[in-house]
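Let me begin by presenting the structure, written as structure tokens, before commenting on it.
Just so you know, all these numbers are worked out from the coordinates, no wet-lab data involved. This is a predicted model, so every value here is computed, not measured. In this analysis, Cβ positions are derived from the backbone assuming ideal geometry, glycine residues included, and neighbour counts consider all displayed protein chains.
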Amino acid sequence: MKPKIIFFGSDKYSQIVLQCLKKDKRFQIVAPAAGGADAGVLASYGKILPAETLAIPKHGILNIHPSLLPKYRGPSPIQAAILAGDKQTGVTIIKIDEKVDHGPI
């Protein structure tokens, strides 16, 4: 049986992540209401997930955040890095908890 993945995303950046997940035949993408998900993936979502949503996937939800956390937490990390004059940045994948851009890396 394929692991079931819930995907949360809201703009053109998250569409790229969803397309990659759909191409990987090892996973089945399911709606949050379907329940029984093994994990969740969040990319460029911009909203805080309620505790009951965080509890749906049995292995938690991974957030793909476009900065090297804890630097540039929040909704505009790429713009913040550019405004700060950073020459280099990166991506952090975290298992999210109830706080914004927070959790084990």
Checklist entry - What's log10 of I(q)/I(0) for the chain at q = 0.23 Å⁻¹, Debye sum over Cα points only, no solvent? => result -1.28
Checklist entry - Which ³J(HN,Hα) values in Hz, rounded to whole numbers, follow from the phi angles of segment 46-56 under the Karplus curve 6.51 cos²θ - 1.76 cosθ + 1.60, where θ = phi - 60° and Gly and Pro get x? => result x, 10, 7, 7, x, 3, 5, 6, 4, 7, 5
Checklist outcome for this item: Between ILE29 and residues 5 or more places away or on another chain, the pairs with built amide H atoms under 5 Å apart involve ILE5
Checklist entry - What is the fewest-to-most order of HIS65, HIS59, HIS102 by other Cβ atoms lying within 10 Å of their Cβ? => result HIS59, HIS102, HIS65
Checklist entry - For LYS25, which lysines qualify as cross-link partners when the Cα separation must be under 30 Å and same-chain residues fewer than eight apart are set aside? => result LYS2, LYS4, LYS12, LYS47, LYS58, LYS95
Checklist entry - So which lysines can LYS87 reach, going by Cα to Cα under 22 Å and dropping same-chain residues fewer than 8 places off? => result LYS71
Item to check | Likely footprinting exposure, ASP86, ASP24, ASP101, fewest C-beta neighbours within 10 Å first | outcome: ASP24, ASP86, ASP101
Next on the checklist: What are the ³J(HN,Hα) couplings of segment 72-87, residue after residue, when phi is run through the Karplus curve with 6.51, -1.76, 1.60 and θ = phi - 60°? Round to Hz, x for glycine and proline.
Outcome noted: 6, 5, x, x, 10, x, 5, 4, 4, 5, 5, 5, 7, x, 4, 8
Checklist entry - Based on DSSP H runs of at least 4 residues, each adding -39500 (n - 2.57), what is the mean residue ellipticity at 222 nm of the chain after dividing by all its residues, to the nearest 500 deg cm²/dmol? => result -6000 deg cm²/dmol
Next on the checklist: Under a Cβ-only charge scheme (Lys and Arg +1, Asp and Glu -1), can you give me the dipole magnitude of the chain about the Cα centre, in debye to the nearest 20?
Outcome noted: 360 debye
